[in-house]
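Working notes for the structure below.
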Amino acid sequence: MDFGGGEEIRFERMGRAGLVTMARPQALNAITHRMINALSRALDAWEADPAVDLVLLKGEGRAFSAGGDIMAVYEGGKAGKPPVEFFADEYRLNARIPRFPKPYVSLIDGIVMGGGVGLSFHGSHRVLTENAQFAMPEVGIGFFPDVGGSHLLPKLRGSFGMYLALTGERIRYGDALWSGLATHAIKGADQEDIIRRLTDSGDVETVLQSHSVRPDAETSQSVFDAIARHFSKDTLAAVIASLEAEAASDEFASKTLAIIAQRSPTSLNVAFRQIRAGHSMSMDDCMRMEFRILVRMLGGHDFYEGIRAAIVDKDRRPKWRPAELGSVAAADVDPYFAPLGQRELAL
């Protein structure tokens, strides 16, 4: 089936399912504008097709999807043409996925970050194998946890979503299942049988339940307790102060402070406010908020500097502006959340 994705994303009708395969393994299935638009058209068609009982999404190679194609974003921004429409279409798709009326099953076997999270974790069934690695590492490149991060992360147990947003740390399937990110955990070796049974029967609940496993969380209970204690604070300054108070005697607090110190101070402040705000907002309102932030980020410094340091020059030494967390005032953060007038995201 051809929905305009070319060789970047494949669409197949297999029995009762619409099967989507992200097919850029050499780029870790980084999301392109073409892939976004093709998947949107496929969902339109399959929603109306009574022969399709479910959508099944997977990645080719060792990654599910490592995120958006940030080099394209970097090059466009540096040329004075930031790809605002790419993000607008991506965010519209993110907002549409939770409303999709049929089971939307993501089989995640490998890295899933950024844009890959947006295509998978808003669906009804998030199925992770032991090879899965989840992260929202955007604050490390001067960005923010977008693609619906403000709707997804506040729902996680024990302030775990705020911890992931501010550190960008990777987690695996045990922690994902414990926190509520994953709906099911399976063995990677069972994927082909799961796909065969899903496409044959269309019975998502029965098939996934029969293959589900219950891995232990990779993180210890004492660390989960520490995350809940530190990252539930009402302000970013209070989070930092809480970690500092225990850093001399606690390895987790010391390590976490060191990680946060490497992140963009502006991004940390924006992400903290974003995650706090998203707790009480609908998915659509979260996406409108994120689009406001996105437009301001594309017109700023830290996002491009973060990509330069991580991807272009690879020196891993970004020069953030401002460089210190204490130099970011509330008045500096307010404009990121200000209405855009006629430029607001239309959903």
Filter the range 120-136 for residues that are under 8 Å from the mean Cα position of the chain (by Cα) and not in a strand (DSSP E or B); the one that is surrounded by the fewest Cβ atoms within 10 Å (Cβ to Cβ) is Phe121
| said: Condition check: of a type in the set (Asp, Glu), closer than 20 Å to Gly161 by Cβ and without any contact (Cβ under 8 Å) to a residue 40 or more places away in the chain. Does Asp285 satisfy that? | reply: yes
Residues in the range 162-184 that are of a type in the set (Phe, Trp, Tyr) and either in a loop (DSSP other than H, G, I, E, B) or crowded, with 24+ Cβ neighbours inside 10 Å (or both) total 2
Checked against (1) under 19 Å from the mean Cα position of the chain (by Cα); (2) closer than 17 Å to Met136 by Cβ, Arg288 satisfies every condition except (2)
Condition set outside any loop (DSSP other than H, G, I, E, B) and among the small types (Gly, Ala, Ser), scope the range 53-63, selection surrounded by the most Cβ atoms within 10 Å (Cβ to Cβ): answer is Gly59
The residue that is nearest to Met113 (Cα to Cα), considering only those in the range 11-31 that are assigned to a strand (DSSP E or B) and in contact (Cβ under 8 Å) with a residue 40 or more places away in the chain, is Ile31
Restricting the range 235-262 to residues that are of a type in the set (D, E, K, R) and either in a helix (DSSP H, G or I) or free of Cβ contacts under 8 Å to residues at least 24 places away in the same chain (or both), the one farthest from Thr219 (Cα to Cα) turns out to be Glu244
Counting only residues that are hydrophobic (A, V, I, L, M, F, W, C), buried (at least 19 other Cβ atoms within 10 Å of the Cβ) and not in a strand (DSSP E or B), the range 64-87 contains a total of 5
Sole miss for Ala248 among (1) touching an Asp or Glu at 6+ places or on another chain (Cβ under 7 Å); (2) surrounded by fewer than 21 Cβ atoms within 10 Å (Cβ to Cβ) is condition (1)
Of the residues in the range 32-52, those that are among the aliphatic types (A, V, I, L, M), in contact with a Phe, Trp or Tyr (Cβ under 9 Å, 6 or more places away or on another chain) and not in a helix (DSSP H, G or I) number 1
Out of (1) more than 23 Å from Ala176 (Cα to Cα); (2) of a type outside the set (A, V, I, L, M); (3) not in a helix (DSSP H, G or I), the one Thr199 does not meet is (3)
Those residues of the range 206-248 which are under 23 Å from Val270 (Cβ atoms) and of a type in the set (S, T, N, Q) amount to Ser232, Thr235, Ser242
The number of residues in the range 301-321 that are surrounded by 15 or more Cβ atoms within 10 Å (Cβ to Cβ) and within 23 Å of Ala258 (Cβ to Cβ) is 10
Scanning the range 137-154 residue by residue, the ones that are free of Cβ contacts under 8 Å to residues at least 60 places away in the same chain and surrounded by fewer than 23 Cβ atoms within 10 Å (Cβ to Cβ) total 1
The condition of being over 30 Å from Thr21 (Cβ atoms), buried (at least 18 other Cβ atoms within 10 Å of the Cβ), of a type in the set (Ser, Thr, Tyr) and modelled with pLDDT of 95 or more holds, among Thr235, Thr256, only for Thr256
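The values are calculated or read from the model by the stated rules, or taken from the named source; none is laboratory data. Computed from a prediction, not measured in an experiment: that's the story for all the values here. In this analysis, Cβ positions are derived from the backbone assuming ideal geometry, glycine residues included, and neighbour counts consider all displayed protein chains.
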